[in-house]
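Below is one structure, written out as structure tokens; comments come after it.
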């Protein structure tokens, strides 16, 4: 009687219960190799913590385990859910493996390159004896939405929250379709927080400040003040989001509100 192997994720104990006997299975080493071949056919080696195992069954048992009506009745009776995924014909496998092992180049000790080819031939032999017969129960994975941006290198953006409640401006230095990198603008290597002194030292400063400079919001434009601008050495790498920072006119912005 021809022997078949059925690939499933139930435990050895569970398949013993289904067939009312002690069921044989592949050795750990060979099963590992077969899992890799099964993966090539679209069946993961492990799914939700359950490893693919290969159990030895007869033709009649295989028909029973893969029959949809039998599976349904088995579940109604409270028996383990087999969910067959892979079928492997032991007779075909044996013939294919013997064909590989009989090659002259694989007799005796082998150099590394020859052994690597031997492993590929073994894997091919296993593949020819394996058939995918089912799918894992799918489950919905929570995937992070994919967003893009419209930045190009050299653009300036408004970055919120880097210094508490302060709004900063930064220059884009690198982009990919889904990510961007920027460096925060500085004035001579530091922050500038005084509106009145900014108007004295730089050209075309716009904004406001309250009495005693408690609150302020002003911008030092990059144009005509280029020599005063530096950029923070730290590079900030960001992934595009549903709402990306706004593109702004190049310049240094400083903002503070009481309570920020």
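Sort 173-184, 68-79 by the packing proxy (mean of other Cβ within 10 Å over each peptide's residues), most packed first.
On the way: 173-184: 16.4, 68-79: 10.8.
Result, highest mean first: 173-184, 68-79.
For the modelled label position 7 Å from the Cα of residue 27 along Cα-to-Cβ, which residues of segment 118-133 have backbone nitrogen atoms closer than 17 Å?
Those under the cut-off are 119, 122-123, 126.
Please report the relative contact order for segment 1-97, taking Cα pairs under 8 Å with a sequence separation of at least 6, and give it as a percent rounded to a whole number. Kindly include the intermediate steps, with their values, before the conclusion.
On the way: 122 pairs, mean separation 46.7, N = 97.
After rounding, I find 48 percent.
Cut-off is 10 Å between beta-carbons; in what order do 57, 100 appear when sorted fewest neighbours first?
Numbers: 57 23, 100 17.
Taking fewest neighbouring Cβ atoms as first place, the list is 100, 57.
Using Cβ counts within 10 Å as a stand-in for footprinting exposure, how do 144, 160, 208, 9 rank, fewest first?
In increasing order of surrounding Cβ atoms, one gets 144, 208, 160, 9.
Over all distinct alpha-carbon pairs, what is the Kirkwood Rh of the chain in angstrom?
Details: mean 1/r = 0.0404 Å⁻¹.
It is 24.8 Å.
Using all alpha carbons of segment 3-132, what is the percent of pairwise distances in each 10 Å bin, ordered from the shortest bin to the longest?
With a bin width of 10 Å, the distribution comes to 12, 40, 30, 13, 5, 1.
With a ≥ b ≥ c the root eigenvalues of the C-alpha gyration tensor of segment 206-260, is it rounded (a/c under 1.5), prolate (a/b larger than b/c) or oblate? Could you put the intermediate results ahead of the total?
Numbers: a/c = 2.01, a/b = 1.30, b/c = 1.55.
Judged from the Cα gyration tensor, segment 206-260 comes out oblate (a/c at least 1.5, b/c at or above a/b).
Relative to the longest principal Cα axis of the chain, at what angle does helix 90-101 sit, 0 to 90 degrees, rounded to 10?
80 degrees
Based solely on its DSSP helices, what 222 nm [θ] is calculated for the chain when runs of n ≥ 4 H residues each add -39,500 (n - 2.57) and the sum is averaged over all residues, nearest 500 deg cm²/dmol?
Working: 7 runs with 75 residues, N = 260.
Computed ellipticity for the chain at 222 nm equals -8500 deg cm²/dmol.
Above 25 Å lies some portion of the pair distances; for segment 156-256, what is it as a whole percent of all C-alpha pairs? Can you show the working numbers first?
On the way: 967 of 5050 pairs.
More than 25 Å apart: 19 percent of the Cα pairs in segment 156-256.
Specify the angular offset, from 0 to 90 degrees and rounded to the nearest 10, of the alpha carbon long axis of helix 28-40 from the longest principal axis of the alpha carbons in the chain.
Orientation of helix 28-40: about 60 degrees from the principal axis.
Could you compute the FRET efficiency for residue 58 and residue 119, with r as their C-beta to C-beta distance and R0 at 35 Å, rounded to 0.05?
Values: r = 31 Å, r/R0 = 0.88.
After rounding to 0.05, the efficiency reads 0.70.
With r defined as the distance between the Cβ atoms of residue 44 and residue 68 and R0 fixed at 25 Å, what FRET efficiency is calculated, to the nearest 0.05?
Numbers: r = 23 Å, r/R0 = 0.91.
It comes out at approximately 0.65.
A short reminder: the numbers here are calculations on the coordinates, not readings from a lab. If you're wondering where the values come from, they're calculated on a predicted model, not measured in any experiment. Using ideal geometry, Cβ is built from the backbone for each residue, glycine included, and neighbour counts are taken over all protein chains shown.
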